[in-house]
Amino acid sequence: MIEINNLSKTFNRQDYVLENLNCQIKDKAIYGLVGANGAGKSTLLRIINSIYQADTGTVLIDGQNVYDNESLKQEMAFVPDDLFFYPSYTLMDMAQFYKALYKKFDMNYVINTANVLKLNINAKISSFSKGMKRQCALICALATNAKYLFFDETFDGLDPVVRKYFKKLLSEAMSKNDTTIIMTSHNLRELEDICDNLGLLYKGNILFESDIDTLKTNMYKVQISLKEDFNKKTFKKLKILSYKKVGSVATIIIDENGFNSKEYLESLNPVILDYLPLTLEEVFIYQMEALGYEFESVI
C-alpha cells in the first residue's frame, strides 16, 4: 500500500505545488490521478519515486519511507511525461540498461512486445516518432516486473490501436504480478475503462476520489414527468445533485447512496420515467457541482 501523509512541496519557496496532501492507494489496483496541467500530478509522482524530496510529510510504501530507499527501488518503475533516452541508444541498449538495474527484468518480454508493435530493437530511439518513444519506455517499465508502476501522461502520443494494446498489457501485468499501477492524465476518458480508482488533484490536494464502480452504480440521470405539476421539492427524499425542468419533463441527477430511487419514483405513478447511464466525465461534473466547483476550472 502507498500511504501519503501531510505531503507538501514548493519550488523556490514560492506557492505550494502540493499542500498537506493525504492519500492512500491500495495494492493490486490501477489508480488514476487526474487534474489540469499544473495541478501537481507530475510533482507527486516524482516525490513518490524519490526524484524530488518533499518539504514536509511522508510517503510510505509497504510501511517503508520511500526516500533514498534502495530496496524499494527494485519494486518501483517510473515513466515520466518528459522522456529521456541516451542519444545513441537503441531499444535493446535501453533494455540492457534496465536489466542491470532490475533483478526480475524480462528481456524476452521486450523482444516479443517490440515484435508485436513492429519496433526495430536495434534502431536508434532518437530516430523514432514521439509515440514510438513512448512505446519503448512503457515496454521497458513493464518488463521490470516491478510491484509498483508509475506512468505520467501514460498514453501521450499513442494512436488508438496502440493505446488499447497497452491498456491490455497493463491489465495483464496487474493480474500476473499483483502489480499496483498509478497513472496520471488530464483526460478522464483515457482512464475510464482501465482504472479501478480515480483521484482528482486540484491546487495541490486531492479534491475528490472514489472507486469507479461505486461512482457509476450510485449515480443516475433520471428523466421524469408526472400527471400533476411538480418541482424539485416533490423529490425531497432523493439526494439531488442537479435538477432541470423543461416543460413537463425534469432531468434529475441523483446519488442513490443505498436508497432505492427507482422504487420511490415509480410510487409517484410517473407518466415518463427513464434511467440513463452517465459517462465518467458527467459523474465528475456533477460531483464537482455538488462540491461547489466548476468542472472546467478543475480539469
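Residues that are polar (S, T, N, Q) and open to solvent by less than 40 Å² (accessible area, probe 1.4 Å) within segment 78-126 comprise 90, 113, listed in sequence order.
Checked against (1) open to solvent by 80 Å² or more (accessible area, probe 1.4 Å); (2) in contact with a Gly (Cβ under 8 Å, 6 or more places away or on another chain), residue 232 passes all but a single condition, namely (2). Tell me, yes or no, whether segment 35-45 has at least one residue that is touching a Gly at 6+ places or on another chain (Cβ under 7 Å) and surrounded by 17 or more Cβ atoms within 10 Å (Cβ to Cβ). There is at least one residue in segment 35-45 that is touching a Gly at 6+ places or on another chain (Cβ under 7 Å) and surrounded by 17 or more Cβ atoms within 10 Å (Cβ to Cβ).
Among residues that are open to solvent by 80 Å² or more (accessible area, probe 1.4 Å) and farther than 23 Å from residue 148 by Cβ, residue 266 is included.
Just wondering, is there one or more residues in segment 169-177 that are more than 30 Å from residue 36 (Cβ to Cβ), of a type in the set (Lys, Arg), open to solvent by 50 Å² or more (accessible area, probe 1.4 Å) and out of contact with any strand residue (DSSP E or B) (no Cβ under 7 Å at 6 or more places or on another chain)?
The initial filter retains those residues of segment 169-177 that are more than 30 Å from residue 36 (Cβ to Cβ), namely 172, 175-177.
Next, from what is left, pick out any that are of a type in the set (Lys, Arg): 176.
With the extra rule that they be open to solvent by 50 Å² or more (accessible area, probe 1.4 Å), the set shrinks to 176.
Next cut, out of contact with any strand residue (DSSP E or B) (no Cβ under 7 Å at 6 or more places or on another chain) only: 176.
Yes, some residue in segment 169-177 is more than 30 Å from residue 36 (Cβ to Cβ), of a type in the set (Lys, Arg), open to solvent by 50 Å² or more (accessible area, probe 1.4 Å) and out of contact with any strand residue (DSSP E or B) (no Cβ under 7 Å at 6 or more places or on another chain).
Taking segment 122-165, which residues are part of a loop (DSSP other than H, G, I, E, B), charged (D, E, K, R) and closer than 18 Å to residue 77 by Cβ? Scanning segment 122-165 gives 147, 152, 153, 156. Each residue in segment 246-276 was checked for being within 34 Å of the chain's Cα centre (by Cα) and under 26 Å from residue 293 (Cα atoms), and 13 pass. Selection of segment 139-162 for residues being touching a residue at least 24 places away in the same chain (Cβ under 8 Å), open to solvent by 40 Å² or more (accessible area, probe 1.4 Å) and on the phi < 0 side of the Ramachandran plot yields 147, 156, 159. Within segment 46-59, the set of residues being surrounded by fewer than 16 Cβ atoms within 10 Å (Cβ to Cβ) and either touching a residue at least 24 places away in the same chain (Cβ under 8 Å) or aliphatic (A, V, I, L, M) (or both) comprises 51, 56, 58.
The values are calculated or read from the model by the stated rules, or taken from the named source; none is laboratory data. Everything numeric here is computed off the predicted structure, so don't read it as measured data. As a convention, Cβ positions derive from the backbone with ideal geometry for all residues, glycine included, and neighbour counts pool all protein chains shown. What goes into the accessible areas is simple: the full protein's heavy atoms, side chains included, and nothing from ligands, DNA or RNA. Shrake-Rupley method; radii C 1.70, N 1.55, O 1.52, S 1.80 Å.
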